[in-house]
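Colleague: Structure in structure tokens, see below.
Any read-out appearing in this document is the output of simple, stated calculations on the displayed coordinates, not a laboratory observation. Values in this document were obtained by computation on a predicted structure and should not be read as measured data. Note that we place each Cβ from the backbone using ideal geometry, even for glycine, and neighbour counts take in every protein chain shown.
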Amino acid sequence: MDDHVLFFKHGPNLAVYRRLNEMQEYWERRWSGTNLKAMLRNARTGDLGEQEALMLEYLPKDGLLLEAGCGPGRIVCALAARGYHVEGIDYAADTIARARLIAPDLEMRVGDIFAIDRPDGAYAGYISLGVLEHSEQGPQAGLREAYRVLRPGGIALLEVPYLNRPRARLHARAPVLNPETLPAGLNFFQYQFDPQDFRRETALAGFEILAEAHLQLLEGFSSDYRVGLWLRQRHYFSWRLYRALQRLGARAPSGLKRDHSHMMMFVARKPG
């Protein structure tokens, strides 16, 4: 494991702390090293990656979609290429500005996923890929805002990291967080959710869950196992190799994906 990462038990979930100053600065710095032109050029082919099957099955085409926490807009771009009416918001203002220079036709703006600047029921679909886990207060505020802006019958695709098998073992032996003994420079980064707890949070916000899927097996290998982390840190995974391995991982046996994947996708519906 990374020496600059610590794990703490937070009820049924695992809280991850890292050396970072401020979350928005972290994402701006991360995206600043990305070749956005190449990313968005590939996205214009409609490439939705491993989430493609779920998105095409559940996202409605008869209304406006929102990606809340869109980063540089890869998913927004790919969905637009497939004929969806979609917009994205993110608080990483510099990243949004760079993406809009490259792709001014995309509907992306600076926004707050906890206070979305649209009226109740504005969207037919809501997409959140690796965002809700980064709120130290938990996912409920983000889920309730998603519920507010969805129309009755609207669909939310909610993807978060979860307690796979190695993380469940880590949770069992992790200490309970004591802020007074937290090493200097370490701050909250994300939760890895117990699936049952995330289902409870989703239901508490008013949603009903329609489907679930385990995604990003390669990311689980490269973050939860020393050899995978070692390879990733030394840049053994080129972009093309990484995508090829992702496609192989998507076809792995369901039990392997359940036990070792990085993310879970929850397909939720606002009743009505």
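Colleague: Using a Gaussian network model on the chain with a 10 Å cutoff between Cα atoms, which of Leu163, Leu59, Leu186 fluctuates the most?
Modeller: Leu186
Colleague: Of the trypsin sites (Lys or Arg not before Pro) in region 9-52, which ones lie in a loop per DSSP and count no more than 16 other C-beta atoms within 10 Å?
Modeller: On the way: sites: Lys9, Arg18, Arg19, Arg29, Arg30, Lys37, Arg41, Arg44; in loops: Arg44.
Taking region 9-52 and a limit of 16 other Cβ atoms within 10 Å, the loop trypsin sites (Lys or Arg not before Pro) found are Arg44.
Colleague: Related question: Taking H as built 1.01 Å from N, whose amide H comes closer than 5 Å to the amide H of Met108, not counting residues under 5 places away?
Modeller: Gly88
Colleague: What aspartates and glutamates does Lys37 reach when the alpha-carbon gap must be under 17 Å and sequence neighbours fewer than 8 apart in one chain are set aside?
Modeller: Cross-link targets: Glu28, Asp47, Asp94, Asp105, Glu107.
Colleague: Mind listing which GluC sites (Glu not before Pro) in region 1-63 are in a DSSP loop and have 15 or fewer other Cβ atoms within 10 Å? Working shown, then result.
Modeller: Working: sites: Glu22, Glu25, Glu28, Glu50, Glu52, Glu57; in loops: Glu22.
Qualifying residues, ordered by number: Glu22.
Colleague: Give me P(r) over region 68-218, computed from all C-alpha to C-alpha distances, binned every 5 Å, as integer percentages.
Modeller: Taking every Cα pair in region 68-218, the percentages come to 2, 8, 15, 19, 19, 16, 11, 7, 3, 1, 0.
Colleague: In deg cm²/dmol and to the nearest 500, what is the mean residue ellipticity at 222 nm of the chain if only DSSP H runs of at least 4 residues count, each as -39500 (n - 2.57), divided by the residue total? Each step should come with its number before you reach the end.
Modeller: Values: 12 runs with 107 residues, N = 272.
So the calculated ellipticity at 222 nm is -11000 deg cm²/dmol.
Colleague: OK, next. Give, in nm to one decimal, the length gained when the segment between Ser32 and Tyr91 is fully stretched (0.36 nm per residue of separation minus the Cα-Cα distance). If you can, show how the numbers build up before the last one.
Modeller: On the way: separation 59, 0.36 × 59 = 21.24 nm, distance 1.42 nm.
Full extension of this stretch gives 19.8 nm more.
Colleague: Beyond 31 Å, what share of the Cα-Cα pairs of the chain is found? Please give it as a whole percent. Can you show the working numbers first?
Modeller: Details: 8749 of 36856 pairs.
Here the long-distance tail beyond 31 Å is 24 percent of all Cα pairs in the chain.
Colleague: With +1 assigned to the C-beta of every Lys and Arg and -1 to the C-beta of every Asp and Glu, and no other charges, what is the dipole magnitude of the chain about the Cα centre in debye, to the nearest 20?
Modeller: On the way: 35 positive and 32 negative charges, 184 e Å.
With Lys and Arg at +1 and Asp and Glu at -1, about 880 debye.
Colleague: So how compact is region 1-142: Cα radius of gyration and Dmax in angstrom?
Modeller: Cα-based Rg and Dmax for region 1-142 come out at 16.1, 48 Å.
Colleague: Pull out the extension gain between Arg41 and Leu229, defined as 0.36 nm times the separation in residues minus the alpha carbon to alpha carbon distance; nm, one decimal.
Modeller: Working: separation 188, 0.36 × 188 = 67.68 nm, distance 2.86 nm.
Gain on extension, Arg41 to Leu229, equals 64.8 nm.
Colleague: Next up: Only Cα pairs within less than 10 Å get springs; with that Gaussian network setup on the chain, which residue of Leu218, Leu54, Leu20 has the largest fluctuation?
Modeller: Of the options given, Leu20 has the highest mean-square fluctuation.
Colleague: Taking chymotrypsin sites (Phe, Trp or Tyr not before Pro) as candidate sites, keep only those in a DSSP loop with at most 16 other Cβ atoms within 10 Å, then name the longest stretch of the chain containing none of them. Walk me through the numbers on the way to the answer.
Modeller: Values: sites that count: Tyr91, Phe114, Tyr225, Tyr236.
Longest stretch, sites excluded: 115-224.
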